[in-house]
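The structure under discussion appears below in the form of structure tokens.
Here, each number is a calculation from the coordinates, and none is a lab measurement. Here the structure is a predicted model, which is why all the values come from computation and not from measurement. We place every Cβ from the backbone using ideal geometry, glycine too, and count neighbours over all the protein chains shown.
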Amino acid sequence: MGCYLMAPLVIFDFTETAYPYAEENFAGRTVAIGPKPYFLVPGAMRDFDIPGGADYTETAWPFVVWKPLCVFYCRVKGYELPCTWR
């Protein structure tokens with residue numbers, strides 16, 4: 001249980017937000033998935049494009065495993081959840 005609670009500190013960068021690749025706004029609010037995973041977390045990114053950065057999807061394992069944390073993050077920051085989580 002302790003590893004589950006401490007691992008997000010190593011996996012996510014809480015100073016930045018991960019935005020989904022296929023959805024931008026809903027009900028006048030920006031859609032976000034949660035905190036942005038660090039660059040070296042395998043399988044967190046959907047696509048990496050040097051000029052555009054990284055794309056994320058809510059089905060990537062960090063967002064699935066720590067979904068309650070991601071939902072809480074979005075609510076606190078004022079973001080709307082992705083359509084598959086609503």
FRET efficiency estimate (nearest 0.05) - Cβ-Cβ, Val64 to Asn25, R0 25 angstrom = 0.60
With a point put 7 Å past each Cα toward its Cβ, work out how far Leu5 is from Asp55 in nm, to one decimal.
-> 3.8
Any idea what the alpha-carbon Rg over 2.2 N^0.38 Å comes to for the chain?
-> 1.03
Please state the relative contact order of the chain as a whole percent: Cα pairs under 8 Å, 6+ residues apart?
-> 31
The summed charge of the Trp85 Cβ neighbourhood (under 13 Å; Lys/Arg +1, Asp/Glu -1) stands at 0
